[in-house]
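Report on the structure given below.
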Amino acid sequence: MKLTNLDLNLLVTLDAVLEHRSVSRAAEQLGVSQPAVSAQLARLRRHFGDDLLARFGNQYRLTPLATQLRGRVQAAVTGVERVFAAEPDFAPATSTREFSLVMSDYGVAVLAPPLAGALTREAPGARLRFVQNTPYLVDHAMQAMTGTDLLVMPHGFTDGLSHRDLYQDTWVCLVSADNDAVGDALSIDDLRTMPWVVTYHGATAATPAARQMRMLGIEPRIQVITEHFLTVPGLVAGTGRVALLQQRLAEGVPDALGVRRLPCPFEVSPLVEAIWWHPMYDGDPEHSYLRDLVVRVAAQVAGAR
């Protein structure tokens, strides 16, 4: 179907309806009447041959097709907004652009404060949106990054995206401060027998250090899985567990939390953190500014080490 045969206003309505799962709240966001949104939803239902929004008891839920469309619609709306917001020259001092970055809580902890400070100084009218990284997003990065500016993530998880390296980090082991069974160093046998706290555990969701450990034949006895690096120290403290954590993050863990940092008993490759983006934004001046800003901030973070 050709775009000339479509009313692109329906895309905006669809985005609001899928986000709010409510005709009335979608109408409120769009600043139009509820009957107007209902009429456009009826057109969308005829187009897709699907209810999109279905009533279950006292609430409305998205149909399977609507759930599938959610990410695509967000990306399409963002793309359209960028087309019509484009300017021949980008001036940070007068920009009101919102920049979106997908990253783990580790990335937020290391980069977000200095990045927000730098953007405030250079582009006071712009804003940052930090979105939590997920295994699903990484597995579908090429599609997801059409509607997001940057993905902050180490090497080894995706391909096909443009990228620039930021800084290197290394891995340390965490054990509880009161774990008397562990001395000043861990052994390979300790890693095989101790219970583990791991992050992003799955076929494609694992830290580079965890992957390297398995390549050496060390299969951890997993007791707890978390998708938030900042929760790891609390899940180790007061237990017999062990975990791997990025050194930059581990150095910021207060002593009062009750964990000890120990070197890994095997030679672990450094973590190379990078920014990734869809190649369609290679020549975008606003996007280029954001990339340069993140690289500059990362260099300052690495230099302050």
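Just so it is clear, none of the values below were taken in a lab; they were calculated from the coordinates. Only a predicted model underlies this, so the values are computations on that prediction, with no experimental measurement involved. Reconstructed Cβ throughout: ideal geometry from the backbone, glycine too, with neighbour counts over all protein chains shown.
Observations on the structure shown:
- Under 5 Å from the amide H of residue 166 lie the amide H atoms of 273, 274, 275, each residue being 5 or more positions distant or on a separate chain, with H modelled from the backbone and absent for Pro and chain starts.
- Coupling constants for segment 53-60 follow from the phi torsions by the Karplus curve (6.51 cos²θ - 1.76 cosθ + 1.60, θ = phi - 60°), and in residue order they are 10, 10, 7, 10, x, 9, 9, 9 Hz; glycine and proline get x.
- Projected label distance in nm at residue 228 and residue 146, using a 7 Å step from Cα toward the beta-carbon: 3.2
- Estimated vicinal HN-Hα couplings, Hz - segment 113-127 in sequence order (Karplus 6.51, -1.76, 1.60; Gly, Pro = x): x, x, 5, 4, x, 5, 5, 4, 6, 8, 9, x, x, 8, 9
- Proximal charge balance of residue 141 [Cβ under 14 Å; K/R count +1, D/E count -1]: -3
- If only the Cβ of Lys and Arg carry +1 and only the Cβ of Asp and Glu carry -1, the dipole of the chain around its Cα centre is close to 860 debye.
- Ellipsoid fit via the Cα gyration tensor, segment 98-202: semi-axes of 34, 19, 12 Å, each the root of five times an eigenvalue, largest first.
- Estimated FRET transfer efficiency (residue 28, residue 215; beta-carbon r; R0 45 Å; 0.05): 0.25
- Using the alpha carbons alone, the radius of gyration of segment 3-85 stands to its Kirkwood radius in an Rg to Rh ratio of 0.95.
- Taking the longest Cα principal axis of the chain as reference, the axis of helix 285-303 is set at about 10 degrees.
- Working from Cα pairs under 8 Å separated by at least six residues, relative contact order for the chain is 21 percent.
- Segment 61-150: C-alpha gyration tensor shape, a/c 1.5 cut-off, then a/b vs b/c: oblate
- Here r is the Cβ-Cβ distance between residue 188 and residue 134 and R0 is 22 Å; the resulting FRET efficiency, rounded to 0.05, is 0.10.
- Just so you know, the Cα atoms of segment 171-269 work out to an Rg and Dmax of 12.2, 35 Å.
- Extension gain from residue 163 to residue 46, taking 0.36 nm per residue of separation minus the Cα-Cα distance: 38.0 nm
- Shown in residue order for segment 161-178 are the 3J(HN,Hα) couplings computed by the Karplus curve 6.51 cos²θ - 1.76 cosθ + 1.60 at θ = phi - 60°: 8, 6, 7, 9, 6, 10, 6, 10, 9, 10, 10, 10, 9, 10, 9, 5, 4, 9 Hz (x for Gly and Pro).
- Dipole moment magnitude, nearest 20 debye, segment 181-305 about Cα centre, only Lys, Arg, Asp, Glu C-beta charged: 300
- Inter-site label distance for residue 94 and residue 302 at 7 Å from Cα along Cβ, in nm: 3.5
- Relative contact order, percent, segment 188-305 [alpha-carbon distance under 8 Å, six or more residues apart]: 25
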